[in-house]
Structure formats: structure tokens, C-alpha cells
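The values are calculated or read from the model by the stated rules, or taken from the named source; none is laboratory data. Since we're looking at a predicted model, the values are computed, not measured. Here Cβ is always computed from backbone atoms with ideal geometry, including for glycine, and neighbour counts include all displayed protein chains.
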Amino acid sequence: MPQDISFTKRVSDLFLRVLPGLGVTGLILSARIFGLLEPLELFAFDLLLRLRPYDPPSERVTIVKIDEADVEALGGYPIPQDAVADVIQQVQQYEPAAVGVNILSDLLGEAGSEQLIEKFQATPTLLAADKILLPQVAPLNGTPPEQVGFSDIYVDNQDSHLRRILLGATDPLNTKAFKFSFAVRLAQAYLEPRGHALDNGIVNPAAMRFGDTELPLLNSYSGGYVGRIDDRGVQALMNFRNGPEPFPVLKLQDLSSARQAADLIAGRIVIVGVSDGDARLPIKTDAIANRWGSSARGNTVDAVDIQAHATSQIISATLDGRLFLRTWSEPWEYAWILLWGTIGLTVWIQLIAPGRILMYGLSTAILLMGISYMAILIGYWIPLVPPLLLIVLNGFQCVILNEYQGLQARSRERRRIANERQRTIKQAFNIIHNGPLQNLASLMRSTQDEDIPKPNLVAQLIALDAEIRQISDYLISEAFTKESSFYLQNDTKLDLKLPLHDLFYQVFSKTLERDLIGFRNIKIKMRSFEPMDEDNLDFDRKRELCRFLEEMLCNIGKHAIGASRVQATGKINDDSYVLRIEDNGPGLASGRKGEGTKQAHSVASRLGGAFRRQSNSDRKGTGCELSWPLKSA
Amino acid sequence: MVTNNVSLSEIGQDLPKVAQMFLVVDDHDMVLDGTLNRLQSRYPNIDIVTAQTADDALKHLQSAAPDLLLLDLSIPQAEGGEAQVDVGLQLLRELMTNYPELNITVQSSYVKALVRVVHNIESHAGGFTVANKTLPAQEMLARVDWALQGLTHTKDIDGMRAGLEIKPEWFEVLHLAFKAGLQDKAIAQRMSISERTVRLYWSKVYDVLGIYPEDGRRDGKNIRIQTEIKARELGLID
């Protein structure tokens, strides 16, 4: 009987429902705070990034990769410097905008160093890489300092994946020297001639700025990070170019083929690097879709690719407005998580059927994922995993609770039926004992005492037969549950087919019989309910109204401790019916007001009426009043 | 044992000497016969009309108003129909609404079902008494007597009231009489109702407080004073 749940029952049920929900929310929030969700959040972040539409190959950055075979051809490790100078010479003939040589000096030999240094000194747009984090690798001797950027990268220590880039940092061995990264140097070489000078940020002076574009800073709590990453230096989230071919890549032998090389080098940034798994560790990332598609994980890229992504990211942000990835501040992130927890708690937790819970849960989850994906597309990394878990867990606990409450309701129902059967049996026995048995006894006596004419005897037996039959009809109509049956909280059965005012009398009587603390001192129970035209009231409305009266009386029973008088009246006032319940107890205590009031208001609104509750300030006690229009009046 | 000359000073009406008419509604021939015999020996001058269905009873009532209606709750609506308590209750509702002055005695094995018409019973201006079918003949006749006197007797209806349930109007009558010390006439004025209604309220109050003629006669007490004592005892007035 889900519609037969009373107000307090509903309130306590709702509480029972909300409480585990709050527990789940607390669980998720603390799991996030303690970092248990970080791996999942990073996983989701990578997933959303690589699910983005593919970017076409960059038209600004071209990579020249020197692979193992090339190194062999150039003379093996250490690579002679004049060989590198030769490669640079080959690139420069196609007039690139800038050239970055991402080959650290530890791979280079001594031979031909003058040639290479000369090249650097002669070309301001030729940039070299060094490594400033310990252990350091110094740039080649004699390279002008403004043509050197560090190529250090940070991978997340949780899973060794790369998600961040270091834009600038203080030299650990010389804390007065602030150094720029290789990517920033390359971007600077490309952007400054185009009128976008590198400067400190305006919004955040600690950030970097090219022209009007400020590069947002990352801190150790940004996004799904929970404070465990190394946040030294100026860092940003890596916004990879997505797709299997983010940059055009040239091999050494391609450089000699002018037709192929010229288009890909002229006016562009060219980054020269070594691609050799033996000499340099490949870098892990799951944030780029590769040639196996968006579902593939476990990708690796070369260090030179990372530099290309970082450089391209800065240039695109400045020239195209392709945004850096941003995150919300912590309070907003938690507000967002709580919002989804609340939606789960308040909106669809009131559902009963598991199918509907699943449906609402799924659509909420899909909506959330959609929003997260849209956010990534416009450059925001917002929390996805914590609210998603909230939705899933709330759904589960919702189903479990419903099952539990259903079990409870069923066992209550079984108990009630058992009681009813017992009552019925007792009642049947009483009726038989008081009626036909008495008549039978008197009939037997008279047959013994005197001679009764046969027709007379037959008539009496027929009457007896009819009487016994009647008992079963009576019991069926009285004792068994019908569609119009209505149960008060103490299992008293009422028949909603009765006129409403007669039902009110019974509700009043039966409710005041209950052993509630507020009823103990009541001496005067006054009630009077006028009959009304109830054509517009169906069983559900009548049931609600009876519930309402019961609930308001129970409120008195629970809270009006010491009341000596209770009064309930139903009167016709113009075209409406006014049901008033009053007591002379201690009055409205704080906390009492909310109970049942919401339900009372909703009953009122379904009837097109109004509910009022007041505490009598001049005299003791409380009163409440439900009025509704008598439509056909 | 109760005899036929019980009366109460302010409500009682001496039994009329003229022939009275009773309407007895019961679908059992045997019961009907028994009842008729008892009534006839107690009221030799009455004219007894019988009906076996609700429709029949209504027809009789329309033609002539009886001095008393003796009603079995479990009756069929029409000839050949099934006897049901609901039919009797519905008939009662109709009668009490249309004939507020009718004196009624309900005789039934199912008197408990009367809780469903408590509003009508409490508003009914005529006499209203209840006799369970298992009641000895003498007591049953006493109930008939009381109904004829316009009294209300509902003590036998189990669960009709949770303890002391009263109407606000009755409470006011009690208060005006015993706290303000007013006479019925003044009470009627104060409450803007007729004196007759005040007397009706009193009879309802007697019923609620369980003050019936038998007690008053036996103890030789004044019924109003008895009422006041009982009302104070129960905390209705302080």
C-alpha cells in the first residue's frame, strides 16, 4: 500500500532515504580529499582528452626526427657536433621561422664543436636545449644564454604519465637564475616577431603572458590532483594536439628531397630531436588518440614530440585562442560534486521501481558525462568521477533501501492480515454464539417440551438457515480487505465508501485511543463534523483527508504534552469545508512546525484549498486548519 | 427491573393513552413474530405495521409517521434481495435526515456497525436506543420505552467513542449550566438556539455520561445534579 503511508511515516522514510545518501556523499568527498579517487580522475581526464575530435597536423611546428639508423649513419654515439651542424644547415636552407635542437650535450661528441657554436652565434632563432633539474646537463659551451631553454619534463609520480608542462623554473643550483623552458623559448622566437612579447601575467603576475594571452597556472590541487604533485616552477596542464598525426614528421633523408621538405619547413618552427628508445626513455601518455584510435591506451611518445606539443600549445593559445586547460578552484569543484549528490538525493531517490531508478540514474550520468565532455572541449577540466560515483552509489542505495522498505511493508502487511484473521474468527464465533446457536437452543427446547406443527418447525429451520448464511455475508463484507479499505496507524480498518464526515468521527475516536504521551491528560475530546457534498472526492482524496486528520491528532499526541483538551471540527463555511484541529497544550515548540506541514500543504493544493497552522499566542495551544472548496456546492 | 412508568421530569412525556403505531422492520419471520408478541403484550393498544425490506419500510414511513421504528440492521433492500448491514445503515442515514423527530430503536446482532453513523445519531432529535438481539426481552422493551420518551442510549455500541467524546455545543451547554449557572432558557438565548435544542443536547450529554433513567430512579437523584457531579468527576468542568 504505497499510497497508504502516513505523513510521519513518509517523513521518516524520507529521512531514512536521505541519511544513507548523505553518508555516501561524505564517503565520496573524503575519498577525494584523501586522494583515493585521483587515479580514476586522471584516467577520466585522459579519456576525455583523447575522445576529442582529431586535430589536423600542425601548420606551425614540424618535427625532424633522428632515429637509430640515422645516428648510425651520422657516426654513432656520441654524435659528432659537425653532423648536427650539417642537419641544421640542411633545415635552414628551407628558411624556417625558428629551429630548436632538442639534443642534449650528453649525446654529443667533441668533434666539430666550433662549427656548431658558430651556427648558434650566427642565428638568433636557433635554440638549444639543456637540463636544469638535477642531474643537470649543461648546454654546449658558448651558446648564447638567451638561445637556451630547458627541456625538463614532469611526469605524474602516480602512474608516470605526462599531463603537465614546465614553462619556467629557478635553476636549482643557482636560485637567482629563472630559466625558461625550451618550448617557451621556441614560442618566443616565433611570436615576438609577430608582435606578442613575452611578459609577466596581468591577472596573475606569477604566470607568463604572450601579448594579451596569459598562460593559466597549475597548482598541486588543480582538477583531480590532490596536492601530491611537485608544483614547483611555472606549470600548466598539457593540452595535447589530439589525433594520430599531430605534427608533420620528417626523417633525415627527407631533408634532401626539397619538394617534400620545403613546404613543411618554410616559415615554421622546426624541432630536431633524437628518437631512439635506447638513448632516451619514451614518455607515457593516454591523452592522445593514436593510429589505433581513441580507445587505445599505453601510448608512448618521444621527448621531441612533447616539446612540439608544448610549443604548439603556447603558440595556438596566443594566435588562435585555442585555450590552455583550466580548472575550477577547489570550493567550486566541491560545490559541483555536492550539486550532483543533491540531485540524486532529492530528485530521483523518491522513486520506487528499480527500472525507473536505473533510467534516471543513467540519464543523470549521461548528462554529467556530456557536460564534462563539453567542458573539456572548451578547455575546462571539471570533476567527473566523484559526482559519477555519487550517482551510481545513490542509485544502489536507493534500490537497496526500497527493497528493505518493501520487505518491512510486506511483513507489516502479513502481521496485519494475521491479526485481522484472528479478529474475524473471534467475531464469527461471537456472532454464531449470540445468534443462531441461541435460536437453535430455544428451538431444541421447544421440540422437547411440546409438539410443534411440522410447517412451523420447517419455517423456523429455514429462518435459522438464513441467519447462518447471513453471518458469512456479514463477515465477508466486514472483515476482509477491500479496495476501499483504509487502515489507520493502529490497524483500524475503515471503509472509504462511507461518507467522509462519518469517517472523520471514526478517525478521531480511533486515533485518540492510541497510547500517545500527549493524549494521557486529555479530559475533553470535542469533535463535530458536518456532512458535506463529496461528489468531487475519490477514495484517494478521502484517504488523504483521513490521513491528514490522523496525522494532526498524532502531532498533538506526540507534542502537546499536558494538553487537557482537543477539539476537531468540520464545518461548511460558504462554499468551502473547514477542518480545524486544536489543542490547549504547550504550544508550538521549535522543530514541531515542519512536521507534516509540507504534506498538509500538498494535500491542500491537490484539493485546491489552503492549509494554515498557528500557535495561539494569547492563549495556550496550537491550531491548524485545512479548508477546501466544495466544488459542486 | 424497569417498568413502564419511568419518566424524567424535563424530558419525559407520559405515555399517551391513544393508540400508537409502531413500524417494525425485520426480514426474519421468526424474529418478527417474537418481537411482535413482546410488543403487543407490553403495549396492548398499539397498531403494529411490519416491513421486511428497506424499500418497504420507506414506503410505510411516507404514508404515515410511526411513533416508533424498530429496525433490524441486516435487511435486504428489496424483496428477494440479500440481507446486508449496509442496507440498514443506509436506511438509517436516510431516515434520520428526513425524519429527525422519529423515535428509533435499533435491534440487531451487529450493533457495532452503528459507529459508522455516529454523526446522524448524535444529531438526531428523536429518541434513539440500541438493543442487541441477545438482550433479554424485558431490557429490550425498556430500550423501546426510552426511545419513545425521546432518550438516547448508545452505551451498547462498542467503540463509538474513545472515552469521553462530545460535541463542542454540548460542552458549551454544560459550561453555561454549571459554570455560569444558567437555566435552559438563558442557555438557549446565549447560544442562539431553541430551548428544544438545548434539551436535545442535554439528552445527548446524559447518554455520553452514562446517566440513564434506571440509575436516577434507583438512587432517587436529581438528574441535573447527577450530571454535574459526573461532569466534574471526569474533568469536563473544573
- Message: So for region A:231-248 (the condition being in a loop (DSSP other than H, G, I, E, B), acidic (Asp, Glu) and under 27 Å from A:Thr170 (Cβ atoms)), does at least one residue qualify?
- Response: yes
- Going through region A:25-57 in order, the residues found to be part of a loop (DSSP other than H, G, I, E, B) and of a type outside the set (A, V, I, L, M) are A:Phe34, A:Gly35, A:Arg52, A:Pro53, A:Tyr54, A:Asp55, A:Pro56, A:Pro57
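Every residue, every condition in (1) aromatic (Phe, Trp, Tyr); (2) surrounded by fewer than 14 Cβ atoms within 10 Å (Cβ to Cβ); (3) in contact with a Gly (Cβ under 9 Å, 6 or more places away or on another chain), yes or no:
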position: A:Ile357; (1), (2), (3): no, no, yes
position: A:Gly379; (1), (2), (3): no, no, no
position: A:Ile400; (1), (2), (3): no, yes, no
position: A:Arg414; (1), (2), (3): no, yes, no
position: A:Thr424; (1), (2), (3): no, no, no
position: A:Ile432; (1), (2), (3): no, no, no
position: A:Met444; (1), (2), (3): no, yes, no
- Can you spot a residue in region B:161-168 that is assigned to a strand (DSSP E or B), charged (D, E, K, R) and within 11 Å of chain A (Cβ to nearest Cβ)? yes
- Message: One residue is enough: does region A:93-101 have a residue meeting the conditions without any contact (Cβ under 8 Å) to a residue 40 or more places away in the chain and surrounded by fewer than 19 Cβ atoms within 10 Å (Cβ to Cβ)?
- Response: yes
- State the number of residues belonging to region A:72-87 that are crowded, with 21+ Cβ neighbours inside 10 Å and either in contact with an Asp or Glu (Cβ under 6 Å, 6 or more places away or on another chain) or under 9 Å from A:Leu116 (Cβ atoms) (or both). 2
- Message: Looking at A:Val148, A:Val99 in this structure, which one is touching a Ser or Thr at 6+ places or on another chain (Cβ under 9 Å) and modelled with pLDDT of 85 or more?
- Response: A:Val99
- Query: If you go through region A:100-118 one residue at a time, do you hit one that is under 45 Å from the mean Cα position of the chain (by Cα) and within 30 Å of A:Gly243 (Cβ to Cβ)?
  - Reply: yes
- Which condition does B:Ala177 not pass, out of (1) more than 30 Å from A:Asp583 (Cα to Cα); (2) outside any loop (DSSP other than H, G, I, E, B); (3) more than 13 Å from chain A (Cβ to nearest Cβ); (4) out of contact with any strand residue (DSSP E or B) (no Cβ under 6 Å at 6 or more places or on another chain), if it passes all the others? (1)
- Task: Give the residue that is nearest to A:Gln307 (Cα to Cα), with candidates limited to residues of region A:227-237 that are surrounded by 17 or more Cβ atoms within 10 Å (Cβ to Cβ) and under 26 Å from the mean Cα position of the chain (by Cα).
- Result: A:Leu237
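Every residue, every condition in (1) within 12 Å of another protein chain (Cβ to nearest Cβ); (2) under 48 Å from the mean Cα position of the chain (by Cα); (3) modelled with pLDDT of 75 or more, yes or no:
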position: A:Lys426; (1), (2), (3): no, no, yes
position: A:Glu467; (1), (2), (3): yes, no, yes
position: A:Lys497; (1), (2), (3): yes, yes, yes
position: A:Tyr505; (1), (2), (3): yes, no, yes
- Item | Residue, surrounded by the most Cβ atoms within 10 Å (Cβ to Cβ), within region A:133-173, restricted to residues that are free of Cβ contacts under 8 Å to residues at least 40 places away in the same chain and of a type in the set (Asp, Glu) | A:Asp152
- Task: Go through region B:30-45 and count every residue that is free of Cβ contacts under 8 Å to residues at least 12 places away in the same chain and in a helix (DSSP H, G or I).
- Result: 6
- Failed condition for B:Ser109, given (1) under 25 Å from A:Glu530 (Cβ atoms); (2) buried (at least 21 other Cβ atoms within 10 Å of the Cβ); (3) within 11 Å of another protein chain (Cβ to nearest Cβ): (1)
- Task: Take region A:507-529 and flag every residue that is of a type in the set (Lys, Arg) and within 11 Å of chain B (Cβ to nearest Cβ).
- Result: A:Lys510, A:Arg514, A:Lys523, A:Lys525, A:Arg527
- Query: What about A:Val184, is it under 38 Å from the mean Cα position of the chain (by Cα) and closer than 24 Å to A:Arg322 by Cα?
  - Reply: no
- Query: Mind checking which residues of region B:46-69 are in a helix (DSSP H, G or I) and either of a type in the set (Ser, Thr, Tyr) or touching a Ser or Thr at 6+ places or on another chain (Cβ under 6 Å) (or both)?
  - Reply: B:Ser63
- Task: Scan region B:184-202 residue by residue and report those that are among the hydrophobic types (A, V, I, L, M, F, W, C) and either touching a residue at least 40 places away in the same chain (Cβ under 8 Å) or within 19 Å of B:Ile225 (Cα to Cα) (or both).
- Result: B:Ala186, B:Ile187, B:Val198, B:Leu200, B:Trp202
- Give region A:274-315 a look and list any residue that's within 20 Å of A:Met374 (Cα to Cα) and modelled with pLDDT of 75 or more, or say none. A:Asp286, A:Ala287, A:Ile288, A:Ala289, A:Gln313
- Task: Would you mind stating whether A:Arg514 is of a type in the set (Lys, Arg) and either under 43 Å from the mean Cα position of the chain (by Cα) or surrounded by fewer than 20 Cβ atoms within 10 Å (Cβ to Cβ) (or both)?
- Result: yes
- Residue hits (region A:610-626; at pLDDT 85 or above and either within 14 Å of chain B (Cβ to nearest Cβ) or crowded, with 19+ Cβ neighbours inside 10 Å (or both)) are A:Phe611, A:Gly623, A:Cys624, A:Glu625, A:Leu626
- Query: Does region B:128-146 contain any residue that is facing chain A (nearest Cβ under 10 Å) and either within 19 Å of A:Leu494 (Cα to Cα) or of a type in the set (Gly, Ala, Ser) (or both)?
  - Reply: no
- Hey, could you check region B:81-106 for residues that are within 9 Å of chain A (Cβ to nearest Cβ) and not in a helix (DSSP H, G or I) and say which is nearest to B:Asp26 (Cα to Cα)? B:Ala83
- Message: Being over 21 Å from B:Val25 (Cβ atoms), buried (at least 20 other Cβ atoms within 10 Å of the Cβ) and touching a strand residue (DSSP E or B) at 6+ places or on another chain (Cβ under 7 Å) narrows it down to one residue among B:Tyr201, B:Tyr206, B:Tyr212; which is it?
- Response: B:Tyr212
- Message: Based on this model, can you work out whether B:Ala78 counts as within 11 Å of chain A (Cβ to nearest Cβ) and over 20 Å from the mean Cα position of the chain (by Cα)?
- Response: no
- Kindly indicate the residue of region B:39-73 that is within 14 Å of chain A (Cβ to nearest Cβ) and closer than 20 Å to B:Pro136 by Cα and also surrounded by the fewest Cβ atoms within 10 Å (Cβ to Cβ) among those meeting that condition. B:Asp72
